[in-house]
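Quick note: the coordinates plus some simple rules give every number you see, no bench work behind them. Not measured: the values here are computed from a predicted model. Positions of Cβ are backbone-derived with ideal geometry, glycine not excepted, and every protein chain shown enters the neighbour counts.
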Amino acid sequence: MSIFKGVGVALVTPMTEDGINFDEYGKLLDYVIDGGVDAVIVGGTTGEPSTMTEEERLQLFRFAVKHVNHRVPVIIGTGSNNTQSAIKMSKLAEAEGADGLLIVTPYYNKCTQAGLLAHFTAIADSVNVPIMMYNVPLRTGVRIAPSTALKLSEHKNIVAIKDASENIDELLAMCRVCGSKLDIYSGNDSYTTFLMALGAVGVISVVGNVCPSEMKEITNACFKGDYVTAREKAFKLDPLAKALFMEVNPIPTKKALEYIGIKAGKPRLPLTEMSPTNAEKLRNVMKDLGII
C-alpha cells in the first residue's frame, strides 16, 4: 500500500520565542499544497522535533491534520532513539489522524542490525498505520542494510523507506533488493531523478518547502519516463538544493522561506541562524533562479 507517490515535503516548523507559530505554519502548509505536492511530512527531522516538548509535538500533529483536512496525506515523524518514546508518539500521531508515520533510525545509540529489526518491529506492532523507515546514516551514525529493510518489509505496517544515504552503491543495493517489496523515496533532493530511474516512487523533499511546484514537475516527468526533462529541471534546481545545505538543515531553509515571505523564525538552539555570508549566497542563488 503506497502512502503517496511523487513529492512529499519535509516541512520546517515556523517558531517564535514563545513557541510554534501556527499562523505561519498554516501558510506554509497551504503554500506547498497549492504548489501541487503529494504529501506533507510533519515533525520530521527538518521540523526540529528534538527541540520540542512532547506537548508541542502533539499540538503540531493536531494542527497539521486539521488544517490539511485530507487535501494530501499527512505523514508524521515520530522517531526516537528511545523505542518506548517512539511507540508512545506513534500511538499519539495515529490517534490524531496521521495517514502514515516516518520513523528515523535510532541515533547515537548505534544499534546493530538486530537492534533495528527489534526497534522497527516493536513500533510497527504498536500501531495500525503505514510506516516509512528513514535511513540517514550521515546524521544518525547507523544505516539500515538492504537485507534488514527486506526483512522488515514482511511486517504489514512497514511499507516504505526514505533513503538519504549518500553512498551510490548502497542506494543501488537498496533499490535492487527491496524495490519490489517497499516503496522507496529519495531522501536527497539531488538524487530524485537518479533513484526514480531505478524504481523509486518519489522524494521526501527539503527543496519543496521553497519550490514545491518545481519539484512536482521533476517527479511528473519521471513518472512519464521523460528523464531528459526531469534531468534538466533537476540541474536547474541543483544550486538551490546545494545552497539549502550550506549549513545544517533546516537553518538555510528557514532563511529561504523568510526571503519568500513566510516567517519561519529562528531555529532552536543548538541550531543558530544562518551566517550573514551564507545568507547572502543563498539570496543570490534564489535571485538567479527567479524565486525572489
Consider only pairs whose beta carbons are under 6 Å apart and that are at least six residues apart or on different chains; among these, list those whose first residue lies in segment 1-21 and is surrounded by fewer than 18 Cβ atoms within 10 Å (Cβ to Cβ) and whose second residue is among the charged types (D, E, K, R).
-> S2/D183
All but one of (1) of a type in the set (S, T, Y); (2) touching an Asp or Glu at 6+ places or on another chain (Cβ under 8 Å); (3) in contact (Cβ under 8 Å) with a residue 60 or more places away in the chain hold for S186; which doesn't?
-> (3)
Are any of the residues in segment 130-137 over 21 Å from S165 (Cα atoms) and either surrounded by fewer than 22 Cβ atoms within 10 Å (Cβ to Cβ) or within 19 Å of the chain's Cα centre (by Cα) (or both)?
-> yes
Residues (within 15 Å of G8 (Cβ to Cβ), free of Cβ contacts under 8 Å to residues at least 40 places away in the same chain and either assigned to a loop (DSSP other than H, G, I, E, B) or out of contact with any helix residue (DSSP H, G or I) (no Cβ under 6 Å at 6 or more places or on another chain) (or both)) located in segment 189-211 | Y191, L195, A200
What number of residues within segment 240-269 satisfy the criterion of being in contact (Cβ under 8 Å) with a residue 40 or more places away in the chain and over 19 Å from V9 (Cβ atoms)?
-> 3
From the option list E166, E214, single residue qualifying as in a helix (DSSP H, G or I), more than 14 Å from the chain's Cα centre (by Cα), within 22 Å of G47 (Cβ to Cβ) and acidic (D, E) is E214
Could you please find all residues in segment 208-241 being buried (at least 21 other Cβ atoms within 10 Å of the Cβ) and either touching a Pro at 6+ places or on another chain (Cβ under 7 Å) or among the hydroxyl-bearing types (S, T, Y) (or both)?
-> T219
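Results for (1) closer than 18 Å to I3 by Cβ; (2) of a type in the set (A, V, I, L, M); (3) surrounded by 15 or more Cβ atoms within 10 Å (Cβ to Cβ), shown as yes or no for each residue.
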| residue | (1), (2), (3) |
| --- | --- |
| G97 | yes, no, yes |
| G100 | yes, no, yes |
| F120 | yes, no, yes |
| N128 | yes, no, no |
| R139 | no, no, no |
| V159 | yes, yes, yes |
Could you tell me whether A256 is more than 19 Å from P49 (Cβ to Cβ), small (G, A, S) and surrounded by 15 or more Cβ atoms within 10 Å (Cβ to Cβ)?
-> yes
Tell me, please, whether a residue that is buried (at least 16 other Cβ atoms within 10 Å of the Cβ), within 18 Å of A145 (Cα to Cα) and not aliphatic (A, V, I, L, M) can be found in segment 67-74.
-> no
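Looking at segment 176-193 only, could you name the residues that are buried (at least 20 other Cβ atoms within 10 Å of the Cβ) and out of contact with any Lys or Arg (no Cβ under 6 Å at 6 or more places or on another chain)?
Across segment 176-193, the qualifying residues are C178, L182, D183, I184, S186, N188, D189, Y191, T192.
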